[in-house]
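Q: The structure that follows is given in the form of structure tokens.
Taken together, the values in this text are just the output of simple stated rules run on the coordinates, not laboratory data. The shown structure was predicted, so the numbers you read here are calculated from the model rather than taken from an experiment. Cβ: placed from backbone, ideal geometry, glycine included. Neighbour counts: every protein chain shown.
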Amino acid sequence: MKSAPQYPLAHKVARWQGEPVVAVVAQTRALAEDALELLLIDYEELPAVTDPETALDPDTPLIHPELGDNLVFGSTVEAGDIKRAFAEADLVVEDEFHFGRHTGVTLEPRVVVADYDPSEERLTAYHGTQTPYQMQDVYARHLGLAEENVRVVVKDIGGAFGIKLHVYGEEMTTCALSMLLKRPVKWLADRLESFVSDIHARDHRVRARLALTKDGGILGYDVDDLTGVGAYSVYPRTSAVEGNQVIKLVGAPYTQQHYRAELKVVLQNKNVMSQYRAVGHPIAFTVTEALVDKAAAELGLDPAELRARNYVPDDAYPYKTASGFTYEGLSLQRSLEKLKEMIGYPGLREEQRELREKGVYRGIGIATFVEITAPGPAFYGVGGARISSQDGCSMKLEPSGKVQLAISVNELGQGTETIVAQIAATELGIAMEDIRVVTGDTGATPYGGAAWASRGAAIGGEVTVRAARALRDNILEVAGAALQTSPSELDLRNGLVVSREDDEERISLAEVCRIAYFRSDTLPPGFQPQLSVVRHYSPQGLPFAFTNGVHASYVEVDVDTGLVRLLNHWVVEDCGRVLNPKLVDEQARGGVAQGIGMALFEECLYSADGQLTNGSLADYLVPLSSELPDIEVAHIETPSQYSEIGAKGAGEAGTAASPAAIMNAVNDAIAPLGGRVTAMPMTPERILRSLKRI
């Protein structure tokens, strides 16, 4: 991968509309905006590179001449004999897919307050980031500070979705200004600034083919993915990851042995594009599942049946895919059966048939996904990026008998604080309200990777259970010493130390604390009570914890206007052990809502000269509650064998396959009229064009 150096403020050349050029500091925002009116920047307009299809042409201008071309990254994945597979196939289906770039539209914009204390050479950044320890490292290295002299504090965040995972020029500038001025400086994006500066995602052109036997056996996929990532590869996580995951995940649920996928990541004079919720998954599974539906139609098979014939069987694990992934254990077959039962599949098909006879065009779309979650240390470590895959948790039993828990996974609205308190309470035998959770502070929590890639429960939950068990053992050691009995004969329940055999109360937690903290002289000679513990956990075994599931969408298309009405959406997902069903369900529903945005509404539109033309909520569409259908969620549980808790990731399952299910449903609805859409968002205009009505 290659990318030019990126400065906090544009140096000599501004390469996209939205790249910060100058910073003005004032005592109020209004005063700063008035000062901006006095500035005149003399621009020399350069030719814009906006179309990824022509970015590598010899006559296309170079965005960074020193790089030699506009190619950021290229990769090819190959397995089997793809040429032979397609030559011998009974059926080949193919399509070209276009995915419109969109952005996160977080409820709370990006914000940072930097406070530099020159007397201690210490920088404190109150920052709306997903990754406080990553930012501590970045600020320290790039601003010339000792890492221990940088503290990043993150309060509850109003939405993040990967948008707040990256390093932005405005945030670096704010911290540098605080150091220069030796006083606190605040920067807050307004909504217009967010549209042109928050990272974008999903700008892909994918050409793909699927080879099958006459009885519906999938032989292989052949894929070319071209993605435009703006003017730079976003630091430090790179803009190559999304495309790289696309070419590794196409065909992931199926047993094909022949596979070829090629990725080209190119530069554009547009806002930078990088990692956003379910990185690459919606593209990969839209391509995968749209071709499966197309093949089923040509073979005269039910789409659910074609999937069932080709899934990796539930008894085939561990299983290595053609693209090189190894699955520990999935439940594709069980998930599909549960989904069909949930939606009443035969009855829904009959309802669809009856309504078509009346001129009402409804469609049923099914889409399967296999999701990468909880990446291990090699994910970023192999590239040298200082991004941690481990998390840390400390617990201490206070003299009051209450527990303070500090963990490196922070709260983005996904329920981190609830889930770790629940786990600790269960292991320690105390009430959740007796646990105080501290997150998002590099000065108070153990080092860790924090919140990204669906790692909250799988890694944060795992380190919590290990810390809680260590504290539990220590508490029982103290209680045993005080009671002159073996700790193995004791247990913790309801805030009490009880007899393991008959639950008889022996001593309260508060009394254990009183003895340990204030009367340790009454304990046996040489005994040292330890009522504080710290544990760290990094994923072991496989490099990822793979989850899986199946979505179904039921839609009605008005073939005169092209408008799509979402009637219902169903999700069956397997995230391993479900720790808190309500949290998992709401994560899935929120993810589906974002997938609906991708499928039907959201697109950042640019002019030929690189100007964002719909950078406000007056022009950029997001789904409202009035557009969302009922979203029903069910679970299969296949716990991971590589952790104590058995949980896998759950945060991105709703987004991973919902766009694919909706596209398949729309195309199923308009198929009798000869329509087919392969571009997202599926706007009324695109649908009507496919029907040749405009």
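Q: Estimate the FRET efficiency between Phe527 and Ser75 by the formula 1/(1 + (r/R0)^6), using the beta-carbon distance for r and 60 Å for R0, to the nearest 0.05.
A: Computed FRET efficiency for Phe527 and Ser75: 0.55.
Q: Taking amide H positions as placed in the peptide plane 1.01 Å from N, state which residues far from Ser508 in sequence (5 or more) or on other chains have amide H under 5 Å from it.
A: Amide H neighbours of Ser508: Val497.
Q: Antiparallel as a % of all DSSP beta bridges within the chain, to the nearest 5?
A: 75 percent
Q: If you put +1 on each Lys and Arg Cβ and -1 on each Asp and Glu Cβ, how big is the dipole of the chain around its Cα centre, in Debye rounded to 20?
A: 460 debye
Q: Same structure, new question: If you build the Cα gyration tensor of the range 115-233 and take the root of 5 times each eigenvalue, what three semi-axes come out, in whole angstrom, biggest first?
A: 43, 15, 13
Q: A further question follows. Among 268-279, 91-102, how do they line up by average Cβ neighbours within 10 Å per residue, starting with the highest? Working shown, then result.
A: Numbers: 268-279: 26.4, 91-102: 17.9.
For the peptides 268-279, 91-102, the packing ranking is 268-279, 91-102.
Q: Hey, can you grab everything whose amide H is under 5 Å from the amide H of Ala451? Only 5+ residues off in sequence or another chain; H modelled, so Pro and N-termini drop out.
A: For Ala451, the qualifying residues are Asn410.
Q: Calculate log10 I(q)/I(0) of the range 362-439 for q = 0.14 Å⁻¹, where I(q) comes from the Debye formula with a single equal point scatterer on each Cα and nothing for solvent.
A: With one equal scatterer per Cα and no solvent, log10 I(q)/I(0) is -0.65.
Q: Moving to a separate point now. If we sort 75-85, 108-118, 467-477, 518-528 on the protection proxy, mean other Cβ atoms within 10 Å, highest first, what's the order?
A: 467-477, 108-118, 75-85, 518-528
Q: List the residues of the range 64-80 whose backbone N lies under 19 Å from a point placed 7 Å from the Cα of Thr326 along the Cα-to-Cβ direction.
A: 78-80
Q: Modelling each spin label as a point 7 Å along the Cα-to-Cβ direction, I'd like the Thr418/Thr60 distance in nm, to one decimal.
A: In this crude spin-label approximation the distance works out to 4.6 nm.
Q: Would you work out if the range 120-160 is rounded, prolate or oblate? Take a ≥ b ≥ c from the square roots of the eigenvalues of the alpha-carbon gyration tensor; rounded if a/c is under 1.5, else prolate when a/b is larger than b/c, oblate otherwise.
A: Prolate, because a/c is 1.5 or more and a/b exceeds b/c.
Q: Using the crude model of +1 on Lys and Arg Cβ and -1 on Asp and Glu Cβ, and no other charge, please compute the dipole size for the range 392-458 relative to its Cα centre, in debye to 20.
A: Charge dipole, the range 392-458, about its Cα centre: 140 debye, nearest 20.
Q: Also: Once the dipole of the range 14-158 is set up with Lys and Arg at +1 and Asp and Glu at -1 on Cβ about the Cα centre, which of Ala26, Phe97, Leu46 lies farthest towards its positive end?
A: Ala26
Q: Right, here's the next one. Can you compute the charge dipole magnitude of the range 390-537 about its Cα centre, using +1 on each Lys and Arg Cβ and -1 on each Asp and Glu Cβ, nothing else charged? Give it in debye, rounded to the nearest 20.
A: So the magnitude is around 400 debye.
Q: Among the listed pairs Lys214/Lys294; Lys358/Lys692; Lys83/Lys320; Lys270/Lys692; Lys582/Lys648, which are separated by more than 23 Å between their Cα atoms?
A: Over 23 Å Cα-Cα: Lys270/Lys692.
Q: Divide, for the range 390-537, the radius of gyration over alpha carbons by 2.2 N^0.38 Å, where N is the residue count.
A: 1.06
Q: Continuing with this model, one more query. Between Leu673 and Gln404, with labels modelled 7 Å along Cα→Cβ, what's the label distance in nm to one decimal, could you check?
A: 6.5 nm
Q: Moving on to the next point. Could you rank the peptides 303-314, 62-73, 367-378 by their average count of other C-beta atoms within 10 Å per residue, with the highest value first?
A: Result, highest mean Cβ count within 10 Å first: 367-378, 303-314, 62-73.
Q: Here's another thing I want to ask about it. For Cα pairs less than 8 Å apart in space and 6+ apart in sequence, what is the mean separation divided by the residue count of the chain, i.e. the relative contact order in percent?
A: That works out to 16 percent.
Q: Before anything else, pin down the relative contact order of the range 16-115: Cα pairs under 8 Å, at least 6 apart, normalised by residue count, whole percent.
A: Here the relative contact order equals 10 percent.
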